[in-house]
Amino acid sequence: MQHDKTPEAAADVPARRRFLNTAALSGLAVAVGACTDKSGAAGAAAPASAAAGSHAGAANATHLAPGELDSYYGLWSGGHTGDMRVLGLPSGREIHRIPVFNPDALVGWGITNESKKVMGTKPDGSLRYTVADTHHTHASYKDGNYDGRYAWINDKINARIARIRLDYFVCDKITQLPNVQGFHGIFPDKRDPVDPAINYTTRVFCGGEFAIPLPNAGTEDGSKYRSIFSCVDAETMEVRWQALIDGNCDLVATSYDGKLAATNQYNTEGGVHYEDMMSAERDACLFFHVARVEAAVKAGKFKTIGDSKVPVVDATREANKDPKTALAGYVSVPKNPHGVNASPDGKYFICSGKLSPTGTVIELAKVLDWFDGKLEKLDDVIVAEVELGLGPLHTAFDGRGNAYTTLFLDSQVVKWNVDAAIKFHQGDKSAKYVVDRLDVHYQPGHLSATHSETAAADGKYLAVGCKFSKDRFLPVGPLHPENEQFIDISGDKMVLLADHPVRGEPHDFIIFKRDIVKPKQVYSLDESPIAVKDPKESGVTRNGRKVTVKLTSQAPAFSLREFKVKSGDEVTLILTNLDKVEDLTHGFAIPNHNVNFIVNPQETKSVTFTAGKPGVYWCYCTHFCHALHLEMRTRMIVEA
Ligand code: CUK
Ligand code: CUA
Ligand code: CA
């Protein structure tokens, strides 16, 4: 811990780490304790490179001079804040938060009619949900690399998947999955399994984690609960099909050839309580033969569940015994796997054991061989199963044949060579597959490298989402930030560059070069069918108790100096910002009416509310826009 500033801190840290390990292990001690005996195995022996901790020179790599731009974007899930965060790398600066599932006061997400329509409303017009829990974020692919069109993010609580347009960096669609509770892993496909012309993302696969009665009429008998794997159309965002499975789904991965999608399963036991969920020594990674599933749907070999019209195919073990016709195959992997990640060379999926100290390497060509009836035992697709350390969760890649796996319990990232691991597994005990270890602070969950899960992995930077920050930042009361640590992986040794506090509670993220996206900074008036394109269109129109108010903004004024409505009217106010200058955003707030939202240049938004008590209400601009920003107001006069 040489990089700790004070002797007290240096003495303190190992004790805290021991404490954390104990806490994280309580209840799991039997399972993991059994694994620790083997940690002396030849290939696994490599000391933690504490010496490779941060130093002044390395830290400079993350410092940008004022006015300098980052070279990478990062898209981070926000956890239960329900948003997506946009970070710049290597600086680690948070540039933006994109509201998705939860209301957001800055932009008026959940206030405007447009955002409410995306989020989903109840018959009375109020939001269906105001809580969410995002975990995973992934972007659309073309030719194996990101193409900058879309990103997706999941809501675990309410089984929703959202799409973000990467031109405006806004959420444009949210879909709720039927028959699913605890929706966890997502992954877009990278090309079509059949049509070679479709070399880009057209599907997003979604893993249902919690088993429930289907249809969910409620029963205590856990043996009747089932999990579902879903496929969502990337364009329409409709659910194309679902698959009934044995066990559950955790994280999801897709192959570069579009043929395979997979999900890790930690609850093959079908347990309702955690002791049951960790009773088996091995669980599974479940592979879907995407083309066969879709052929089955086309041929009408499906059922539907409850009110849902989505076709559900049978991907259970019992119905898929013959590999040549199987829709799915269950590869066994050690105890309670969590992450499954596709290597950038397209050859392997790597599953992490979580309650086993191992990483499992599955060769995808062999999985296809099994589906073709050319491989007798499905488990022969496993080409390596090697010890990495305690609590392996997620794996990232550098494009040079190395994998980087987070070790939650060891508070480390382990760098290991996949080819060497395969050699070691084949019996070459001299193959040193562990290349380096680095202490991280503390208890890492996800990690991702620049272009990690693309064919363009460039091996420059690695970010690690540490779930505990403990002593790394000034204390701010009982709630600690998380610690996103940035690591230089361009050399043999990992070099810790920086700590960044982030507001809870990000999980997953992706990092890509800045030229992947071409963000638009001014809207097109045509994006909105209700745009008020000319100040002359401004005014109030009445249809019974329904009143429409149209107005525009051009700094430092709104097009109406005042407008009149009657108490109790249902008012729909449409505002178009006619300013064309980049960065010239206006706000619109009405006191006592729960209305506040912004309009970006050339953007149109609308709100619907009931006019309150008779009186004068100063509607004002909330977003600093002009020297006369404070004067930028209009009056809503509510008459009796
Ligand atoms: S899970 Cu959070 S650290 Cu939801 Cu991706 Cu592994
Ligand atoms: Cu317009 Cu402030
Ligand atoms: Ca299990």
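The values are calculated or read from the model by the stated rules, or taken from the named source; none is laboratory data. In this text the structure is predicted, and so the values were computed from the model without any measurement. As a convention, Cβ positions derive from the backbone with ideal geometry for all residues, glycine included, and neighbour counts pool all protein chains shown. For the accessible areas, the whole protein counts, side chains as well, though only heavy atoms, and no ligand, DNA or RNA atoms are used. Shrake-Rupley method; radii C 1.70, N 1.55, O 1.52, S 1.80 Å.
Hey, any hits in the range 106-118 for a residue that's of a type in the set (Phe, Trp, Tyr), closer than 30 Å to GLY247 by Cβ, buried (at least 19 other Cβ atoms within 10 Å of the Cβ) and in contact with a strand residue (DSSP E or B) (Cβ under 6 Å, 6 or more places away or on another chain)?
Within the range 106-118, none of the residues are of a type in the set (Phe, Trp, Tyr), closer than 30 Å to GLY247 by Cβ, buried (at least 19 other Cβ atoms within 10 Å of the Cβ) and in contact with a strand residue (DSSP E or B) (Cβ under 6 Å, 6 or more places away or on another chain).
For the range 130-158, enumerate the residues that are in contact (Cβ under 8 Å) with a residue 60 or more places away in the chain, in a loop (DSSP other than H, G, I, E, B) and open to solvent by less than 30 Å² (accessible area, probe 1.4 Å).
The one that is in contact (Cβ under 8 Å) with a residue 60 or more places away in the chain, in a loop (DSSP other than H, G, I, E, B) and open to solvent by less than 30 Å² (accessible area, probe 1.4 Å): GLY144.
So, VAL310, is that one of a type outside the set (Gly, Ala, Ser), buried (at least 18 other Cβ atoms within 10 Å of the Cβ) and in a loop (DSSP other than H, G, I, E, B) or not?
When the stated conditions are applied, VAL310 passes them.
Would you kindly identify the strands (runs of 3 or more DSSP E) lying entirely within the range 313-399 that contain at least 1 residues that are open to solvent by 10 Å² or more (accessible area, probe 1.4 Å), polar (S, T, N, Q) and at pLDDT 95 or above?
Those strands (runs of 3 or more DSSP E) span 328-334, 340-342, 358-363.
Here is a list: PHE397, PHE468, PHE486. Which entry is among the aromatic types (Phe, Trp, Tyr), within 18 Å of THR360 (Cβ to Cβ) and in contact (Cβ under 8 Å) with a residue 60 or more places away in the chain?
Among PHE397, PHE468, PHE486, only PHE397 is among the aromatic types (Phe, Trp, Tyr), within 18 Å of THR360 (Cβ to Cβ) and in contact (Cβ under 8 Å) with a residue 60 or more places away in the chain.
Yes or no: GLY353 away from ligand 1 (no atom under 16 Å from the Cβ) and small (Gly, Ala, Ser)?
Against the criterion (away from ligand 1 (no atom under 16 Å from the Cβ) and small (Gly, Ala, Ser)), GLY353 does not qualify.
Of LEU214, LEU177, LEU251, which residue is within 15 Å of ligand 3 (Cβ to nearest atom) and modelled with pLDDT of 95 or more?
Only one candidate passes the filter, namely LEU251.
Can you name every residue in the range 275-291 that is within 16 Å of ligand 1 (Cβ to nearest atom) and polar (S, T, N, Q)?
Within the range 275-291, none qualify.
Answer yes or no as to whether PRO519 is of a type outside the set (A, V, I, L, M, F, W, C), assigned to a loop (DSSP other than H, G, I, E, B), more than 30 Å from GLY74 (Cβ to Cβ) and away from ligand 1 (no atom under 16 Å from the Cβ).
Judged against the criteria, PRO519 is not a match.
Could you run through the range 67-96 and say how many residues are out of contact with any His (no Cβ under 9 Å at 6 or more places or on another chain) and surrounded by fewer than 17 Cβ atoms within 10 Å (Cβ to Cβ)?
6
What's the number of the condition GLU294 fails, among (1) acidic (Asp, Glu); (2) more than 16 Å from ligand 1 (Cβ to nearest atom); (3) within 30 Å of LEU355 (Cα to Cα)?
Every listed condition holds for GLU294 apart from (3).
Give me the pairs, please: first residue somewhere in the range 407-419 and hydroxyl-bearing (Ser, Thr, Tyr), second residue anywhere and part of a strand (DSSP E or B) and at pLDDT 95 or above, beta-carbon distance under 9 Å, and either six or more positions apart or on two chains.
SER411/ASP439; SER411/PRO444; SER411/CYS466
So ASP192 ticks every box in (1) more than 30 Å from LYS335 (Cα to Cα); (2) open to solvent by less than 10 Å² (accessible area, probe 1.4 Å) but one. Which box is left unticked?
Here ASP192 meets the rest and fails (2).
Return the residues of the range 244-269 that are away from ligand 1 (no atom under 16 Å from the Cβ) and open to solvent by less than 10 Å² (accessible area, probe 1.4 Å); say none if nothing qualifies.
ILE245, SER255, GLY258, LEU260, ALA261
Answer with yes or no whether VAL239 is modelled with pLDDT of 95 or more, surrounded by 19 or more Cβ atoms within 10 Å (Cβ to Cβ) and within 16 Å of ligand 1 (Cβ to nearest atom).
So VAL239 does not fit the description; no.
Check VAL272 against each of (1) touching a helix residue (DSSP H, G or I) at 6+ places or on another chain (Cβ under 7 Å); (2) within 9 Å of ligand 3 (Cβ to nearest atom); (3) open to solvent by 30 Å² or more (accessible area, probe 1.4 Å) and name the one condition it does not meet.
All conditions are met except number (2).
Under 9 Å between Cβ atoms, which residue pairs at least 6 apart in sequence (or on different chains) link something in the range 376-387 that is within 14 Å of TYR348 (Cβ to Cβ) with a partner that is part of a helix (DSSP H, G or I) and aromatic (Phe, Trp, Tyr)?
Listed by first residue and then by second, the contacts come to VAL381/TRP370; ALA384/PHE424; VAL386/PHE424.
So SER559 fits all but one of (1) more than 22 Å from PRO99 (Cα to Cα); (2) away from ligand 2 (no atom under 16 Å from the Cβ); (3) in contact with a helix residue (DSSP H, G or I) (Cβ under 9 Å, 6 or more places away or on another chain); what number is the exception?
(2)
Looking only at the range 410-443, count how many residues are out of contact with any His (no Cβ under 8 Å at 6 or more places or on another chain) and either of a type in the set (Asp, Glu) or within 17 Å of GLU484 (Cα to Cα) (or both).
The total comes to 13.
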